[in-house]
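Okay, so here's the structure we're looking at.
The values are calculated or read from the model by the stated rules, or taken from the named source; none is laboratory data. Please read all numbers here as calculations on a predicted model, not as lab measurements. Here the Cβ positions follow ideal geometry from the backbone for every residue, glycine too, while neighbour counts run over all protein chains shown. Heavy atoms of the whole protein, side chains included, go into the accessibility calculation; ligands, DNA and RNA do not. Shrake-Rupley method; radii C 1.70, N 1.55, O 1.52, S 1.80 Å.
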Number of protein chains: 2
Amino acid sequence: MATISDVAALAGVSTATVSRALNGKATVDRELVARVQQAADELGYRPNGPARNLRRQEAAVVALIISDVENPFFTAIARGVEDVAHEVGYSVVLCNSDENAEKESRYIDVAIQERVAGVILSPTGTTSSVDKLAARGTAFVAVDRPLPQQDSDVVLVDTRLAARQATDHLIAQGYDRVGCITGPAGVRTADDRLAGYRDALKSAKRPSSTKLVRRTEYKAAGAHKAAAELMSQPDPPDALLVANSAMAVGVLQALREQGVRPGRDVGIVAFDDAPWAEPVDPPLSVVAQPAYEIGTVAARLLLARIADSTRTATTTTLGARLIERGSSHRT
Amino acid sequence: MATISDVAALAGVSTATVSRALNGKATVDRELVARVQQAADELGYRPNGPARNLRRQEAAVVALIISDVENPFFTAIARGVEDVAHEVGYSVVLCNSDENAEKESRYIDVAIQERVAGVILSPTGTTSSVDKLAARGTAFVAVDRPLPQQDSDVVLVDTRLAARQATDHLIAQGYDRVGCITGPAGVRTADDRLAGYRDALKSAKRPSSTKLVRRTEYKAAGAHKAAAELMSQPDPPDALLVANSAMAVGVLQALREQGVRPGRDVGIVAFDDAPWAEPVDPPLSVVAQPAYEIGTVAARLLLARIADSTRTATTTTLGARLIERGSSHRT
DNA sequence: AGCGGCCCGGTAAAGGATTACCCAGCCAGG
DNA sequence: CCTGGCTGGGTAATCCTTTACCGGGCCGCT
């Protein structure tokens, strides 16, 4: 592997000049730049990343720590982050915390250790691991969920309002006993969606009963069980607000097994406009979150913070959009 | 940020001893290890990754370059790779080539530059960028698709056989004019699936017509258009073999729009057992590829090659499993 | 008692790029 | 013609860790 000295020797200049030429510093003669460039090409020279990062005290890399690579919501965020980061020459590395505070903490350690320029993460809740970033002064932005007592940049969705609107919609469609299947207590988005659901019941003067609510992991299996339980109660719900698309999979499965048809028998609105939501029968009504945009906004905030660490922290809240399809209509 | 010298000073030993103690070398006195450990904890010492990688000439990182983060097949592979890599203390960074040779090449450059220990990738086809890895002697493993004229470790699925079996199944169910929607010409998996489809037609003595075949990007939009075209021909197919799950989304959408019901009207088998395949109505028959296993096998091969670069290259071919569900039954 | 060998741990080199600092040479002005 | 200033580029320090090499001290054997 060729080093900068090899290039310097071949071009007949010093390593300093090679570095300057290749990094586009203005103080190098045109002709020399060309000669250096050619020598570098000839040798297939690639700067040694670790050496550069060591000297610069920072790698042109941002780490993106999300809680589930298999969740389309998060992969769409990843796309947004990538597109913005690449524009300015940063690489993105994707890490999968699996909603597990320990894994999250490990990835944060790696990020610190590798001296990444910044971190974007959907925090699992425990603030402790994020403190490490703050302590070291590494730039970071939280997405999807706020950080308790930590004034950092955050990009959120007004998920409570969205949940309320979705529930309003179900009620307006004539469903009477609307239930809710949401994520674990303590996970902010799960709490917010439940709160929005309750807001709607309250303003529609419907009694809110814990018999209509189930909380479980944000996964298909948990939601499957929850839906099966809800539906086999004496007084089952006739509509369900489901807090993400993985859960929707479990819920639909449970309804199939009970011979209950979405829409006609039980109204369904789920969070996240997964690619399969439209082509299924009946098409699934969803709350579409602006995931890609969350990613781009977060990336821009991060870049701004990397450039100027004294910026004051901002909170950006984006809106979600209810898409009404067949699963929330009786007909 | 504390450095190793700070730790050394606090513990009253040399930096060499700190390094040895923290890296678990045997030749350090118990008591000293404890003292060093305590000093490190006290200072919150994290070794500087770039410095370590520079010295070691290699980072404990493997890069995974896949063609689509939004495709569940690839994210499942990612899970497999991660699980194995983490067991032995490697980190995994995920990169998204978007089926784009230029992006792939850029990520390979980054991987080389950062001196990652190894690379796992689903090659976009052009071999050129992979040559760079071979030239530099970086360990790598190809998944999902073989590399033309490159003897490297490869993990494949016998996708031709699987396509044949799926087509056989459709024919056995009484579908008469089976069509096929597959990926672009030149993409190996797409070609293989088409070949398997033709194998089945041939052995069942059905005429094979190009009117029943469409090739497009491995995406929903292309498949949507293809299915719409196929179905509005004078003599439309009464069954379809669809080459991946994103395409299945597009196909189901097109069928809905034409008021055609999967199963009863048109038999469908799609590749990849996406999470939503079962709960939809009717449940989607699929060819389940062992994606997670591909990931674990590839990771193990990569680790073996990192440890011993002279190993001879192996090709591992895994089988796929046909899961018959409602979309391939007339009833 | 003397010496060989072993165990532990210190000293310093190495790894490769960036950059502060400095110097040579040239031009222009006096 | 001399000198001050500016420009372009070289020298060498620096980033931090790992590890080759070396040496001190102690044990045990002869």
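Expressed to the nearest 5 percent, the antiparallel share of DSSP beta bridges inside chain A is 10 percent. When the listed pairs A:Lys132/B:Lys219; A:Lys103/B:Lys25; A:Lys103/A:Lys219; A:Lys219/B:Lys219 are checked against a 29 Å cut-off, the alpha-carbon distance exceeds it for A:Lys132/B:Lys219.
Inter-chain neighbour count for B:52-64: the average number of beta-carbon atoms from partner chains within 10 Å of each residue's beta-carbon is 3. The distance from the alpha carbon centre of segment A:117-168 to that of segment A:247-271 is 31 Å, rounded to a whole number.
By how many nm would the segment from B:Lys202 to B:Gln113 grow when fully extended, if each residue of separation counts as 0.36 nm and the alpha-carbon distance is taken off?
On the way: separation 89, 0.36 × 89 = 32.04 nm, distance 4.96 nm.
Computed gain between B:Lys202 and B:Gln113 is 27.1 nm.
Show log10 I(q)/I(0) for the protein assembly as shown at q = 0.12 Å⁻¹, two decimals, from a solvent-free Debye sum over equal Cα scatterers. Per q value, in the given order, log10 I(q)/I(0) is -1.32.
Peptide B:83-92 has a mean of 1 when you count, residue by residue, the C-beta atoms of other protein chains within 10 Å of its C-beta. Other residues with beta-carbon under 12 Å from the beta-carbon of B:Ala227 carry, at +1 per Lys or Arg and -1 per Asp or Glu, a net charge of +1. The trypsin sites (Lys or Arg not before Pro) of segment A:6-86 meeting both criteria, a DSSP state outside H, G, I, E and B (loop) and at most 14 other C-beta atoms within 10 angstrom of the site's C-beta, are A:Lys25.
Around B:Val266, with a cut-off of 12 angstrom between Cβ atoms, what is the net charge of the other residues, counting Lys and Arg +1 and Asp and Glu -1? Intermediate results must be reported in sequence, preceding the final value.
Values: positive: B:Arg177, B:Arg256, B:Arg261, B:Arg264, B:Arg330; negative: B:Asp176, B:Asp238, B:Asp265.
Surrounding charge for B:Val266 is +2.
Give the dimensionless ratio obtained when the Cα radius of gyration of segment B:193-283 is divided by 2.2 N^0.38 Å. Mind dumping the intermediate values first?
Working: Rg = 12.7 Å, N = 91, 2.2 N^0.38 = 12.2 Å.
Against the compact-globule rule of thumb, the ratio is 1.04.
With a simple spin-label model that places each label point 7 Å from the Cα along the Cα-to-Cβ direction, the separation between A:Leu322 and B:Ala185 comes to 5.0 nm.
Considering only beta bridges that DSSP places wholly inside the protein assembly as shown, some 10 percent are antiparallel. Placing +1 on the Cβ of every Lys and Arg and -1 on the Cβ of every Asp and Glu, with no other charges, gives chain B a dipole of roughly 540 debye about its Cα centre. Close amide H partners of A:Ile65, meaning residues 5 or more places away or on another chain with modelled amide H under 5 Å apart, are A:Cys95, A:Ile120, A:Leu121, A:Ser122.
Dipole magnitude for segment A:9-135: computed about the Cα centre from +1 point charges on Lys and Arg Cβ and -1 point charges on Asp and Glu Cβ, it is near 740 debye.
Say R0 is 30 Å: what FRET efficiency, to the nearest 0.05, do A:Asp265 and A:Lys211 get from their beta-carbon distance? Walk me through the intermediate numbers first.
Details: r = 19 Å, r/R0 = 0.62.
FRET efficiency, A:Asp265 to A:Lys211: 0.95.
As a calculated quantity, the FRET efficiency between A:Asp176 and B:Ser14 at R0 = 60 Å, using C-beta atoms, amounts to about 0.20.
Could you tell me the calculated FRET efficiency between A:Ala101 and B:Glu293, based on Cβ-Cβ distance and R0 = 25 angstrom, to the nearest 0.05? Write down the numbers at each step before the final one.
On the way: r = 28 Å, r/R0 = 1.13.
Efficiency computed from Cβ-Cβ geometry: 0.30.
Label-point spacing at B:Ser208 relative to the other copies reads 6.1 nm, in ascending order, each point sitting 7 Å out from Cα along Cα→Cβ.
Structural descriptor for chain B: relative contact order 17 percent, calculated from alpha carbon pairs under 8 angstrom and at least 6 residues apart. Contact order, relative form, for segment B:110-240: 21 percent (alpha carbon pairs under 8 Å, 6 or more residues apart, mean separation divided by residue count).
What do you reckon, how do A:Asp41, A:Asp98 stack up by accessible area (1.4 Å probe), largest on top?
Numbers: A:Asp41 105, A:Asp98 50 Å².
Accessible-area ranking of A:Asp41, A:Asp98, largest first: A:Asp41, A:Asp98.
For segment B:201-304, the list of trypsin sites (Lys or Arg not before Pro) that fall in a loop by DSSP and count at most 13 other C-beta atoms within 10 angstrom reads B:Lys205, B:Arg264. Shown for B:Ala185: label points 7 Å from Cα along the beta-carbon vector, and their distances to the equivalent points in the other copies, 6.2 nm in ascending order. Modelled this way, with points 7 Å down the Cα-to-C-beta line, the labels at A:Val88 and B:Glu42 are 4.0 nm from one another. Shape analysis of segment B:4-47 yields a ratio of the Cα radius of gyration to the Kirkwood radius, Rg/Rh, of 0.90.
Within the shell defined by Cβ-Cβ distances under 12 Å, the residues around A:Glu58 carry a net charge of +4, with Lys and Arg each +1 and Asp and Glu each -1.
Springs join every pair of Cα atoms under 10 Å in this Gaussian network model of chain A, and among A:Leu301, A:Leu255, A:Leu121 the largest mean-square fluctuation is at A:Leu255.
A Gaussian network model of chain A, with springs between Cα atoms under 10 Å, assigns the largest mean-square fluctuation among A:Val280, A:Val36, A:Val84 to A:Val36. Taken along its three principal axes, the alpha carbon spread of chain A comes to 86, 40, 28 Å, from the longest extent down to the shortest. Each copy carries a label point for B:Glu87 at 7 Å from Cα along the beta-carbon vector; from one copy to the others these points are 4.2 nm apart, nearest first.
Can you give the relative contact order of segment B:1-106 as a percent, counting alpha carbon pairs under 8 Å and 6+ residues apart? Don't skip to the answer; put the middle values down first.
On the way: 102 pairs, mean separation 23.4, N = 106.
It comes to 22 percent, rounded to a whole number.
Can you compute the helix-only [θ] at 222 nm over chain A? Use -39500 (n - 2.57) per DSSP H run of at least 4 residues, normalise by all residues, nearest 500 deg cm²/dmol.
Working: 12 runs with 148 residues, N = 331.
Dividing the helical sum by the residues of chain A leaves -14000 deg cm²/dmol.
Taking amide H positions as modeled 1.01 Å from N, with prolines and chain starts lacking one, the residues under 5 Å from B:Phe271 and 5 or more places away or on another chain are B:Val242, B:Ala243, B:Asn244, B:Val287. Site pair A:Ser232 and A:Ala195 shows an inter-label distance of 3.5 nm when each label is modelled 7 Å from Cα along Cα→Cβ.
Fully extending the segment from B:Gln57 to B:Gln258, taken as 0.36 nm per residue of separation minus the present Cα-Cα distance, adds 66.4 nm.
Legend: mean number of C-beta atoms from other chains within 10 angstrom of residue C-beta atoms, peptide B:101-111, equals 1.
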